[in-house]
Amino acid sequence: MRKGEVGFVLVVVFLLLGFSSASTDDKYQRWRKSMFSPYSTATSSLLINRAGSSIVFPIHGNVYPTGYYNVTLFVGQPAKPYFLDLDTGSDLTWLQCDAPCVQCTPAPHPLYRPSNDLVICKDPICESLHAPGEHKCENPEQCDYEVGYADGGSSLGVLVKDVFAFNYTNGVRLNPRLALGCGYDQLPGTSYHPLDGILGLGRGKSSILSQLHDQNLVRNVIGHCLSGRGGGFLFFGDDLYDSSRVVWTSMSSDYTKHYSPGVAELFFGGKSSGLKNLLTIFDSGSSYTYLNSQAYQALTSMIKKELTGKSLKEAVDDQTLSLCWKGRRPFKSIRDVKKYFKTLALSFINGRTKTLYELTPEAYLIISSKGNVCLGILNGTEVGLQDLNLIGDISMQDRMVIFDNDKQMIGWIQANCDRLPKSRTMYM
Ligand SMILES: *[C@@H]1O[C@H](CO)[C@@H](O)[C@H](O)[C@H]1NC(C)=O
Ligand SMILES: *[C@@H]1O[C@H](CO)[C@@H](O)[C@H](O)[C@H]1NC(C)=O
Ligand SMILES: *[C@@H]1O[C@H](CO)[C@@H](O)[C@H](O)[C@H]1NC(C)=O
């Protein structure tokens, strides 16, 4: 009902946009310009440079207290900047959009004014956003979408194509036309962030990485390096790391909705916790790590047992996260408490071998504003994740985490995330 009404309003708005701005001739002119001039230059230089070309984006934000990471994208003609929430847990990139907006949340920039280049309903990118059998578009000339997030938030809108501005690490500019969501009806979820939109970097066809790959502009590889001191960088392409030094595990072929290495076994201080078969995903859209109720219960009791008789006492008055502990004096950094906590690890089965993903105390604890230490691993069942276990930002800090969609591998390697990489030589 709501979707139908809004869809109708939009058709009208797009017609108005198309005709009010210029005569039909003018409109066509603009189109041709955006379509051909910058795009074709980049494409031709690319064909020569392709082997050594990645795209790097600086990232801003932190796990605590900000609770999200943002990446700046330049979209439109002329290109305007937008701050987007980094999310490897979803596919579609969308901007809060003046279509006009029915319901938008406060954003750092003026709403995106959509191009009038609509994605049609039977475009494969549109089809990838609709579940099989789902009621699709109101109008075959327009692709309506609705995406929902685990925190209850959602965005409803229409897909348009517009020009994005990127720079390769070798300095070559590129201005591809990519599909993005013009989100004109947003509901904030429990982890609402005041940004212009979401940068979806999941495995699906609609993700901008997948679109860049389909246009032959970059290898289908995405990675990020989140610094424990805040900030970091994101990259598309495969020439910023030495693959032979990366620890790789295969992406699950059963669970293809997310970046999942399949099932894991949890280790506590080098010993098996007895918890096996934990279906796990990597999700940069989540600040914290989540375990299902059973694993969470087991982990928290192991930690509490380990802390008995130590000087840390549970801080029930600190609501920062579900479980916090206070010391004799307020803590300033994880270094002050590291000795009380063991290293955890998730062991993924990779053919006949096992791959360990280690979580030192820095990868699962934060120091709250009250100076207590809090557990950054939360009960996923409580937030509706059911059996899914999720590795969030806190557990991906100070390493590159790489998702190679061509080889269907997930990899990680210790790295300095404070400096933007210029070329691969930095890591050799
Ligand atoms: C997003 O990142 C930019 C830098 O690229 C920064 O200036 C801005 O404050 C950040 N915005 C938010 C809302 O975090
Ligand atoms: C690309 O590089 C140029 C020159 O350094 C710079 O002016 C421009 O802002 C960069 N564009 C993006 C999208 O980073
Ligand atoms: C985790 O959340 C579920 C659902 O709310 C709840 O039933 C369970 O008791 C919680 N587990 C722990 C250990 O708190």
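The values are calculated or read from the model by the stated rules, or taken from the named source; none is laboratory data. Treat the numbers as computed from the prediction; the structure is a model and nothing was measured. Note that each Cβ is placed from the backbone with ideal geometry, even for glycine, and that neighbours are counted across all protein chains shown. To get the accessible areas, we keep the full protein, side chains included, count just its heavy atoms, and leave off ligands, DNA and RNA. Shrake-Rupley method; radii C 1.70, N 1.55, O 1.52, S 1.80 Å.
Things worth noting here:
- Which numbered condition residue 133 fails, given (1) open to solvent by 60 Å² or more (accessible area, probe 1.4 Å); (2) under 30 Å from residue 420 (Cα atoms): (2)
- Residues in segment 325-383 that are at pLDDT below 95 and assigned to a strand (DSSP E or B) were compared, and the one that is nearest to ligand 2 (Cβ to nearest atom) is 350.
- The set of residues from segment 258-291 being within 21 Å of the chain's Cα centre (by Cα) and within 16 Å of ligand 3 (Cβ to nearest atom) comprises 288, 289, 290, 291.
Results for (1) closer than 17 Å to residue 348 by Cβ; (2) under 19 Å from the mean Cα position of the chain (by Cα), shown as yes or no for each residue.
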residue: 370; (1), (2): no, no
residue: 373; (1), (2): no, no
residue: 376; (1), (2): no, yes
residue: 383; (1), (2): no, yes
residue: 391; (1), (2): yes, yes
residue: 406; (1), (2): no, yes
residue: 417; (1), (2): no, yes
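- Here residue 220 does not qualify as farther than 23 Å from residue 397 by Cβ, open to solvent by 30 Å² or more (accessible area, probe 1.4 Å), touching a residue at least 40 places away in the same chain (Cβ under 8 Å) and not hydroxyl-bearing (Ser, Thr, Tyr).
- If you filter segment 187-205 down to residues that are open to solvent by 20 Å² or more (accessible area, probe 1.4 Å) and assigned to a strand (DSSP E or B), you find that the one that is nearest to residue 236 (Cα to Cα) is 198.
- Among the residues listed as 332, 354, 305, the single one being among the basic types (Lys, Arg), touching a Ser or Thr at 6+ places or on another chain (Cβ under 7 Å) and more than 16 Å from ligand 1 (Cβ to nearest atom): 354
- Exclusive hit being without any contact (Cβ under 8 Å) to a residue 12 or more places away in the chain and out of contact with any Phe, Trp or Tyr (no Cβ under 6 Å at 6 or more places or on another chain), set 319, 294: 319
- Residue within segment 63-81 that is without any contact (Cβ under 8 Å) to a residue 60 or more places away in the chain and more than 16 Å from ligand 1 (Cβ to nearest atom) present: yes
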